[in-house]
Amino acid sequence: MAVVETRGLTKVFKEGQLGAVNNVDLVTREGEFLVFLGPSGSGKTTLLRMIAGLEQPTAGEILIGGNVVNHLSPRERRIAMVFQSYALYPHLSVYNNIAFPLKAQKIKKELHREKVEWASSLLGIGGLLDRKPRELSGGERQRVALARAIVREPTVFLLDEPLSNLDAKLRASAREDLEQFHKRIGTTTIYVTHDQVEAMAMGDRIVVLHQGFVRQIGTPKEVYDDPADTFVATFLGSPPMNLLESDDVVVGFRPEHFLPADRLREGSRIPLRFRVTYLEFLGAERILYGSLAGSRFEEKEVLSRLPAAVSEAFQVASVYDFGVASESLRFFDRQSEKRTQPKAIAWQ
């Protein structure tokens, strides 16, 4: 296992333009599962490729295990990377796909079978060694790619959206497989995704990136409950946080905290009238779309997320007494969009 650190890491592809990655400082914890999360173009894959040695930084340093590795090739960094495509050799058997890095490293041939069987058993694909990639399911191909990576016994794993080609059901089971795999090997792992569900479910910590900048680093609970700025507040969560502008401050609250008045403790409740305009049925839950009525935030659009049994009482084109607990409010500076201290708000 090894700690990965970046110091002021920057990548500019074209002079005079904003960098794809800008002055990123981060330190992994030994053995943790760290997730890079952000929308397309946020810089997460570029950051991962610089750590891997596949992109040369414009500025800054990369350290693995306390040593600066900017000058080292990917192989010399003792990292293993699994890509979105898996990049398996179609003409080779599963066994030979997994053994391929051992040949490249000139590992003694008599050790190949021992290492391949060890890696394949960890991932439950020992019975597939004689098959070709075309005979495997998407989930099985993913496991082969992981086995090929771990057979080298790297100090760091880098995973670039390895589940994105799988359907929703298979992604869920593959996500569980990855979590169990990480627990067994305990190797420091950095995982890139644009999928917040994956990030929240798998990450020990999440690095939220946007336009090449790190917006927040924290546990899934920290980035969801206490977002550092309005981008994190609206990017994390489905549906996103409700935001209301008030003078020099923006007030935010999650849709699951915007509730019928009778479901909130009266002493801490901020009463708000809610005009429902649309109901979205999601099985066990419903999303209520609408706007505020009868307050200084008249016509501001807001959402409420309720259990299906509770939401059955509400109809479109009607106005209801709702509210939010004061402790569920989050405050952001209107100019910088960064989190700020709670302020007194005139709601009416």
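Bear in mind that the values in this text are calculations on the coordinates, not laboratory data. Treat the numbers as computed from the prediction; the structure is a model and nothing was measured. As a convention, Cβ positions derive from the backbone with ideal geometry for all residues, glycine included, and neighbour counts pool all protein chains shown.
What the Cβ-Cβ distance of R263 and D195 gives, at R0 = 25 Å and to the nearest 0.05, is a FRET efficiency of 0.20. If R0 is 30 Å, the Cβ-Cβ spacing of S85 and N23 corresponds to a FRET efficiency of close to 0.45. Once both labels are positioned 7 Å from their Cα atoms along Cα-to-Cβ, the gap between N67 and Q180 label points is 3.5 nm. Axis angle, to the nearest 10 degrees, between helix 112-122 and the longest C-alpha principal axis of the chain: 20 degrees.
Counted residue by residue at 0.36 nm each, then reduced by the alpha carbon distance between them, the extension gain from E327 to L279 reaches 14.6 nm.
Label D247 and E301 with points 7 Å out from Cα along Cα→Cβ: what is the distance between them in nm? Placing both labels 7 Å along Cα→Cβ, they lie 2.7 nm apart.
In percent, rounded to a whole number, the relative contact order of the chain is 17, using alpha-carbon pairs under 8 Å and six or more apart. Based on Cα contacts under 8 Å between residues 6+ apart, the stretch 17-158 shows a relative contact order of 26 percent. Compared with the alpha-carbon gap, the fully stretched path from V316 to E114 is longer by 66.2 nm at 0.36 nm per residue. Once you order the gyration tensor axes a ≥ b ≥ c over the Cα atoms, which shape class does the stretch 1-44 get: rounded for a/c under 1.5, otherwise prolate or oblate by comparing a/b with b/c? Here the stretch 1-44 falls in the oblate category.
Estimated from the Cβ-Cβ distance and a Förster radius of 51 angstrom, the FRET efficiency linking E135 and D225 is about 0.65.
Around the amide H of F322, modelled in the peptide plane, lie the amide H atoms of A261, L272, R273, F274, all under 5 Å away and 5 or more residues distant in sequence or on another chain. Counting other Cβ atoms within 10 Å of each Cβ, which chymotrypsin sites (Phe, Trp or Tyr not before Pro) in the stretch 256-348 have at most 12 and sit in a DSSP loop? Filter output for the stretch 256-348: empty list. Between Q211, Q142, Q105, the residue with the greatest mean-square fluctuation in the GNM of the chain (Cα pairs under 10 Å linked by springs) is Q105. Computed over the chain, the per-residue total of -39500 (n - 2.57) for DSSP H runs of n ≥ 4 gives a 222 nm mean residue ellipticity of -7000 deg cm²/dmol, rounded to 500. The phi torsions of the stretch 67-82, fed into the Karplus equation with coefficients 6.51, -1.76 and 1.60 and a -60° offset, translate into couplings of 10, 5, 10, 3, 8, 8, 6, x, 5, 6, 7, 6, 10, 10, 10, 10 Hz, rounded to whole numbers, with Gly and Pro shown as x.
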